1. Which is open to solvent by less than 50 Å² (accessible area, probe 1.4 Å) and touching a strand residue (DSSP E or B) at 6+ places or on another chain (Cβ under 7 Å), of VAL269, VAL240?
2. Could you look through region 219-240, keep only residues that are of a type in the set (Ser, Thr, Tyr) and assigned to a helix (DSSP H, G or I), and pick out the one that is farthest from HIS186 (Cα to Cα)?
3. Which one is most open to solvent (accessible area, probe 1.4 Å), of the residues in region 186-203 that are in a helix (DSSP H, G or I) and of a type in the set (A, V, I, L, M)?
4. Could you say which residue among PHE305, PHE276 is part of a loop (DSSP other than H, G, I, E, B), under 30 Å from SER66 (Cβ atoms) and not acidic (Asp, Glu)?
5. Taking region 276-324 on its own, how many of its residues are on the phi > 0 side of the Ramachandran plot and crowded, with 16+ Cβ neighbours inside 10 Å?
6. Taking ARG252, is it at pLDDT 95 or above, within 21 Å of the chain's Cα centre (by Cα), open to solvent by less than 20 Å² (accessible area, probe 1.4 Å) and basic (Lys, Arg)?
7. For the condition closer than 19 Å to GLN231 by Cβ, buried (at least 24 other Cβ atoms within 10 Å of the Cβ) and not hydroxyl-bearing (Ser, Thr, Tyr), what is the one hit in CYS183, CYS175?
8. Looking at ARG104, ARG46, which is the one that is part of a strand (DSSP E or B), farther than 27 Å from PHE325 by Cα and basic (Lys, Arg)?
Amino acid sequence: MKTALKPGIKPAVKAYRAPGWLPGGHAQTIWPLLIKPRPIKLRRERWTTPDDDFIDVDFLDGPADSPLLVLFHGLEGSARSHYAISTARACQQAGWRFVMPHFRGCSGELNRRPRAYHSGDSAEIDWILRRLHDINQQQPIHAAGVSLGGNALLKWAGEQGPAASALVTGVVSICAPLDLAACGHHLARGFNRIYTRHFLKTLKAISHARLRQFPGLFDAIKMQQASNLYQFDDAVTAPVHGFAGADDYWQRASAKPWLKSIAVPTLAVNAKNDPFLPARFLPDTAEVSRFVHLEHPAGGGHVGFVSGPFPGNLDWLAQRLLHFFLFERHTTSS
């Protein structure tokens, strides 16, 4: 007997296969930006953080008893990122509620405090999830993270161990940079530098604004001269967030060492041709707990996962999330 599907949830194949007309990790990473679906209207709330800063949180509302999916975005992402729009639309069609918390400074307005956000920001993840849990009438929520957000979420789950199940039904990470050193150094090479230049353009602009707000927060010349993520993290991310330098930050913020400590149903999807993280650095089953299911499709790029005939669609990723939480999380640890 087949499992009845909820309205708006399509049959999904667990193993992703890239369409033949879109070959290569770079094309599969960049093409989604060109076919990004139209955003749907979300309701925004501004939350005051425990240190008197703020974050903006976007909601797709629905019945209080409907499932709630929270999605943590990637580096310099937002509710307007293609994966966020696709997931919000899929939740709307399925009758789910959706929420996208913006990390500090990512919602279009500079935050009030010196700190921003980083790949290992599990403390911020914890605060957000606990507040959502209270709003959700103490019911667990489905938690997912993309790229940087996926790394921070996995690190949080590992730190929490069995206690995570009080807040979430499970965890899904998509293209998390599990080994930040491997990812950072790889992005400094060859064609991958196009992604580094893209990130540095916005990161430096925000950093300049933060320096005007907090003179002397970090070395402005060192920041401006940074030509790769290692140099930027060494100049800005590390000192602002209490790390000794980029090496210390990348080592302490990586989620990979925490995968063995996860005790909630978890799906970790990483494409083998992701330009951000070489396949040789992906974990194997010996490096994760029995609660973690690893999915390493040959294609997909970095948070690409385009499917269908030309020009393609971005349905696979959102459907994969919904299917895991609906049908698979109960058997992940068995």
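The values are calculated or read from the model by the stated rules, or taken from the named source; none is laboratory data. As the structure is a computational prediction, the values presented were derived from the model and not from experiment. Cβ coordinates were reconstructed from backbone atoms using ideal geometry, including for glycine residues, and neighbour counts include every protein chain displayed. Ligands, DNA and RNA are excluded from the accessible area calculation, which covers all protein heavy atoms including side chains. Shrake-Rupley method; radii C 1.70, N 1.55, O 1.52, S 1.80 Å.
1. Numbers: VAL240 fails: touching a strand residue (DSSP E or B) at 6+ places or on another chain (Cβ under 7 Å).
Answer to the selection: VAL269.
2. Filtering region 219-240 down to residues of a type in the set (Ser, Thr, Tyr) leaves 227, 230, 237.
Next, from what is left, pick out any that are assigned to a helix (DSSP H, G or I): 230, 237.
Working: TYR230: 10, THR237: 18 Å.
In this case the residue turns out to be THR237.
3. Taking region 186-203 first, the residues in a helix (DSSP H, G or I) are 186, 190-203.
If we keep only those that are of a type in the set (A, V, I, L, M) as well, we get 194, 200, 203.
Values: ILE194: 67, LEU200: 13, LEU203: 23 Å².
Ranking the qualifying residues of region 186-203, first place goes to ILE194.
4. PHE305
5. Taking region 276-324 first, the residues on the phi > 0 side of the Ramachandran plot are 300-301, 303, 305, 308, 312.
If we keep only those that are crowded, with 16+ Cβ neighbours inside 10 Å as well, we get 300-301, 303, 305, 312.
Residues in region 276-324 being on the phi > 0 side of the Ramachandran plot and crowded, with 16+ Cβ neighbours inside 10 Å: 5 in total.
6. no
7. Working: CYS175 fails: closer than 19 Å to GLN231 by Cβ.
CYS183 is the lone residue from the list that is closer than 19 Å to GLN231 by Cβ, buried (at least 24 other Cβ atoms within 10 Å of the Cβ) and not hydroxyl-bearing (Ser, Thr, Tyr).
8. Within the list ARG104, ARG46, the selection yields ARG46.
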